[in-house]
Amino acid sequence: GAVVSQHPSRVICKSGTSVKIECRSLDFQATTMFWYRQFPKQSLMLMATSNEGSKATYEQGVEKDKFLINHASLTLSTLTVTSAHPEDSSFYICSAEPGQGRRQPQHFGDGTRLSIL
Amino acid sequence: EDKVVQSPLSLVVHEGDTVTLNCSYEVTNFRSLLWYKQEKKAPTFLFMLTSSGIEKKSGRLSSILDKKELFSILNITATQTGDSAIYLCAVERGGGADGLTFGKGTHLIIQP
């Protein structure tokens, strides 16, 4: 089945550091990938939609200069949390929908747990 | 604004019991409703529902959608400890590539 790989799975770093998270579709091409954030005991919240070859679309309240998204190929999207602060600590998870033109569900990566000290 | 409400938020039952998880939604231009199971990491896909009244089944799990009442249920029969997880309901809007709007999930605990 469709596999989405996310890396790294865990990051612990100091305040002010920028952190890059990769999301790869391993066995399918994805023109669109999605980035979600999940705080403890909360649901997944969509942050942005990553579009291959064009700018990402951000949800209301998500700072585009803070969360940089690059979708340079059909199998890779990256999310960079710039100058991370403790309030950015969260579980970040990406998804992709396989099957261009066919209805298939989104498949999720294993997520990245980000802890900013 | 799209909205997904799941109930109950948590549920503790004994192995062998049957459980019903609820999901109500409000969404502009509904496309599909999805159920996922989340254990420690990524949500894993269970069902995608697009049409009213058609039950989808996978082993001991089944789900159905009511587009008139804007409601879906997920049933698990003969529960096992391995069914313990957070069950997430999400809706997808039509009209293009859109992310999902998730409910808060139902935390299901199956006691031996």
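Summary table
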| item | result |
| --- | --- |
| Residue A:78 vs. criteria among the β-branched types (Val, Ile, Thr), more than 10 Å from every other protein chain (Cβ to nearest Cβ) and in a strand (DSSP E or B) | yes |
| Residue list for the stretch B:40-92, restricted to those being among the β-branched types (Val, Ile, Thr) and under 19 Å from residue A:104 (Cβ atoms) | B:44, B:50, B:54, B:91 |
| Within the stretch B:98-107, tally of residues that are within 12 Å of the chain's Cα centre (by Cα) and either more than 7 Å from chain A (Cβ to nearest Cβ) or β-branched (Val, Ile, Thr) (or both) | 2 |
| Set B:3, B:68, B:41: member being over 18 Å from residue A:42 (Cα atoms) and out of contact with any His (no Cβ under 8 Å at 6 or more places or on another chain) | B:68 |
| Residues that are free of Cβ contacts under 8 Å to residues at least 60 places away in the same chain, away from every other protein chain (no Cβ under 11 Å) and in a loop (DSSP other than H, G, I, E, B), drawn from the stretch A:81-112 | A:89, A:101, A:102 |
| For residue A:50: the one exception among (1) part of a loop (DSSP other than H, G, I, E, B); (2) at negative phi; (3) modelled with pLDDT under 95 | (1) |
| Output for the stretch A:3-43, where each listed residue is in contact with a His (Cβ under 7 Å, 6 or more places away or on another chain) and crowded, with 19+ Cβ neighbours inside 10 Å | A:4, A:33 |
| Any hit, the stretch B:81-89, residues being in a strand (DSSP E or B), modelled with pLDDT of 95 or more and under 30 Å from residue A:52 (Cα atoms) | yes |
| Listing of strands (runs of 3 or more DSSP E) fully contained in the stretch B:1-52 that carry 3 or more residues being more than 9 Å from every other protein chain (Cβ to nearest Cβ) and in contact (Cβ under 8 Å) with a residue 24 or more places away in the chain | B:3-7, B:10-14, B:19-26, B:30-38 |
| Meets criteria (farther than 21 Å from residue B:2 by Cβ and part of a loop (DSSP other than H, G, I, E, B)) for residue A:28 | yes |
| Index of the failed condition, residue B:95 passing every other in (1) within 17 Å of residue B:9 (Cα to Cα); (2) away from chain A (no Cβ under 12 Å); (3) not polar (S, T, N, Q) | (1) |
| Residue under evaluation residue B:89, criteria (1) more than 14 Å from chain A (Cβ to nearest Cβ); (2) on the phi < 0 side of the Ramachandran plot, criterion not met | (1) |
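The values are calculated or read from the model by the stated rules, or taken from the named source; none is laboratory data. Note that the coordinates shown come from a computational prediction; the quantities given were computed from them, not determined experimentally. Cβ atoms come from the backbone with ideal geometry, glycine included; neighbour counts cover every protein chain shown.
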